[in-house]
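A short worksheet on the structure shown next.
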Amino acid sequence: MGSDDSSTFAVSVGSERLRLLSEVYEEYFQESAFVRLGAHHELPLIYIRLAASMTDETYVISDRRYDAFISCQRFLRANNYHHTETQQYRAQWVDAVDALVVDLSDPISEC
């Protein structure tokens, strides 16, 4: 992904939502209620950016105390991310784009 010296996190992608696991949720998203999602035009990347308020282009973070869900079926379908099963992917906070970048080419193997 080529970013700063940031930690690597795990984000789960399902058919209807993203799940921010506890480490990344607590470090970057716990104080926010909204995010904007974006997709790279050529690479299999999802960008998750903090948003200050709710608009037509934002999604609500559903806080579950230690992790959070982003219900974003519309975004996933619009970008042809069709997951029939939930899969975890590596993600990194990238200061240059001020976003958590989920790399869909780098799944985390199930143990």
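Bear in mind that the values in this text are calculations on the coordinates, not laboratory data. These numbers were taken from a predicted model, which means no experiment stands behind them. Cβ coordinates were reconstructed from backbone atoms using ideal geometry, including for glycine residues, and neighbour counts include every protein chain displayed.
The calculated FRET efficiency for the pair His41 and Arg65, based on their C-beta separation and a Förster distance of 30 Å, comes to about 0.25. Over the chain, dividing the summed -39,500 (n - 2.57) contributions of all DSSP H runs of at least 4 residues by the number of residues returns a 222 nm mean residue ellipticity of -1000 deg cm²/dmol. Close amide-amide hydrogen proximity is noted between Ile108 and Gln88, Tyr89, Arg90, each under 5 Å apart and 5 or more residues distant or on a separate chain (H modeled in the peptide plane; Pro and chain starts excluded). A viscosity of 1.002 mPa s and a temperature of 20 °C, combined with the Kirkwood radius over Cα pairs in Stokes-Einstein, give a translational diffusion coefficient for the chain of 154 µm²/s.
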